Amino acid sequence: MHRALPHWRRSFPYDVISMDFRGYDTGGFHDEMFLPDGTPRAGSRLLVERIEALLDGDLPRRHQAAERALINMGITFNVYGGEDADEKIFPFDIIPRIIEPAEWAPIERGLAQRITALNLFIDDVYGSQRIVEDGVVPRELIESCPAYRKECEGLKPPGGVWCHITGTDLVRDGTGRFHVLEDNLRCPSGVSYVIENRQILKRTFPHVFRASNVRPVDDYCIRLLESLQRLAPHREAPTVVLLTPGPFNSAYFEHAFLAQQMGIELVEGGDLFTQGGMVFMRTTRGPRRVDVIYRRIDDDFIDPQVFRPDSVLGVPGLMEAYRAGRVAMANAPGTGVADDKVIYAFVPEIIRYYLDQDPILPNVETYLCWREKDLSYVLEHLDELVVKPAGESGGYGMLIGPHSTREEQAEFAEKIRANPRNYIAQPTLSLSRAPVIVGDKFEGRHVDLRPFILHGPEPYILPGGLTRVALRKGSLVVNSSQGGGSKDTWVLESEPDASISFVDASVMPPAAGSMDN
């Protein structure tokens, strides 16, 4: 539905107003900012009023200032493959996404429930495999999972925690209900953008930010460091390092950012070595023992003596030191078994099995192509479904049926028939949308949400997380590698004060153009 001009805006002369939400079309989707009748949602009212009260050219200037800040801060990612395989500035839209307290509470509980069950699942499949013996998850799916590591059988991570940092992707459907789209338990990325986006938005809309009672995200790096330090094997003042594949990795900006924020060393494999069953870091003052490694390298590459022998990114002997309990790693090797998109389909049963609870956050309906019945349905409905390979990430290797050609569907059908275990399919959801700035107007774009969870004695869920935006009109793919961008996500501590209004001249800025109005 198109939004009409609100009554309070009619007193402002049009020649001093640059942008407003008149004519904004929710398109029949659940909109994150507006109700179907065009009324702002309760948590967004102050923001809508503030934007529509800005003077001529002010919002575009704020947007340009935010983009300059991104460039100056070097907030980038790398795109692999093709002619544009280089470093890019992560696209950013300055209109924040707002989540009200009543919406966030079940998300927080549901994510804590989910990571608790998944951690128990990982511990079980590398141990006694009760869940397999009891027939809840088929053995063939575990053994055929590319991320299952037999080398990790019998491992006992510190505190029994395998997955310390998780990024879980959520989507909201046409009814407004949140669903889990996938779990990222290996090396989830994006939290640096959450923190940097917040710094920019606090300067862009400072009055609205303060009046909206937004929950903070600035303490994430402190909490992350504390979580890592708790893993240290019996040492005070432990040495923690972040292990990166290097500057050509797509998330290298984040690796450097997190290391700097935590005050720890950013290292590559060649900076570390093992001796006497312990891990050491080369320094100008001689070797220094390492107690905890926050690894941003996949299992295959962390130790050439155990996994890929051709890896030059890892540390020979690292797994021996880890098995002996002389160094800790986050996340633990082997966590990718719960990252598999086929295993994802069993998470509701995993929750019931280990916790004797119903899932708080539902999965998206999922068809498993290794099941004959599901395979037949998928092949007959490729033009309607989203088909994904089980182990890929970043939006690669997908078929979005409604946006695909018959030739693409035929090609995908052959891939599925050749390796049905490797593919799942899901209905094409009516993902929720949020307003973004497109030229001199606002248009709706589809969004998802990646909250970050730190799992320790008690799970901590970062309030909000990374809202990713499919900036291409009509696209459902939000990944940065596929043309997506991001927004700041405001989780409100309480509802904004209804008595506050930015229409009142006494609280409006005296001049346009300043980001600190």
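Read-outs throughout are calculated quantities, based only on the coordinates presented, and are distinct from any laboratory measurement. Because the structure is predicted, anything quoted here is derived from the model rather than measured. Glycine also receives a Cβ, built like all others from the backbone with ideal geometry; neighbour counts cover every protein chain displayed.
Worth a mention:
- For region 322-363, the Kirkwood estimate of hydrodynamic radius, built from reciprocal distances between every pair of different alpha carbons, is 12.3 Å.
- Footprinting exposure proxy ranking of His446, His381, His63, fewest other C-beta atoms within 10 angstrom first, gives His381, His63, His446.
- In region 419-495, the chymotrypsin sites (Phe, Trp or Tyr not before Pro) that fall in loop regions by DSSP, at most 10 other Cβ within 10 Å: none
- Whole-Hz couplings from phi, Karplus 6.51/-1.76/1.60, listed for region 325-334; x for Gly and Pro: x, 9, 8, 10, 10, 10, 6, 5, x, x
- Interchain or long-range residues, amide H under 5 Å from Ala345's placed H: none
- Hydrodynamic radius by Kirkwood, which averages 1/r over all alpha carbon pairs of region 262-311, in angstrom: 12.0
- Distance in nm between pseudo-label sites at Asp134 and Gln199 (7 Å out along the Cβ direction from Cα): 4.7
- The C-alpha atoms of region 374-488 occupy a region whose extents along the principal axes are 49, 41, 21 Å, arranged from largest to smallest.
- Extension gain for Glu226 to Ile500 (0.36 nm times residue separation, less C-alpha to C-alpha distance): 94.8 nm.
- Seen from every direction in turn and averaged, the convex hull around the alpha carbons of region 143-218 projects onto 8.9 nm².
- Extension gain, Tyr377 back to Met281 (0.36 nm per residue minus Cα-Cα distance, nm): 29.2 nm
- Rounded to 10°, Cα long-axis angle of helix 191-204 versus longest principal axis of the chain: 20
- Helix 406-418 vs. the chain, principal-axis angle (Cα, 0 to 90°, nearest 10): 20
- Projected label distance in nm at Arg22 and Gln305, using a 7 Å step from Cα toward the beta-carbon: 7.2
- The chain: calculated mean residue ellipticity at 222 nm from DSSP helix runs of at least 4, using -39500 (n - 2.57): -8000 deg cm²/dmol
- Cα-based helix-to-principal-axis angle, 101-125 vs the chain, degrees rounded to 10: 10
- Here region 367-427 is described by how far its Cα atoms reach on the three principal axes: 25, 25, 20 Å, from widest to narrowest.
- Packing-based exposure ordering (other Cβ within 10 Å, fewest first) of Met262, Met281: Met281, Met262
- Each 5 Å bin from zero holds the following percent of Cα-Cα pairs in region 20-59: 5, 24, 30, 22, 12, 6, 0.
- Sorted ascending by nearby beta carbons within 10 Å, beginning with the fewest, Asp169, Asp356, Asp93 become Asp356, Asp169, Asp93.
- Rounded if a/c under 1.5, otherwise prolate or oblate - region 175-263, Cα gyration tensor axes: prolate
- ³J(HN,Hα), Karplus 6.51/-1.76/1.60, whole Hz, each residue of region 32-47, x for Gly, Pro: 6, 10, 10, 6, x, 7, x, 6, x, 4, 4, x, 9, 4, 4, 5
- Placing dummy labels 7 Å off each Cα toward the beta-carbon, the span from Arg177 to Gln261 is 3.4 nm.
- For region 243-368: rounded, prolate or oblate by the Cα gyration tensor [a/c cutoff 1.5]: prolate
- Taking amide H as placed 1.01 Å from N in the peptide plane, the amide H of Trp490 sits under 5 Å from that of Arg97, Ile98, Ile99, each at least 5 places away or on another chain.
- Dividing the convex hull volume of the alpha-carbon atoms in the chain by its residue count gives 164 Å³ per residue.
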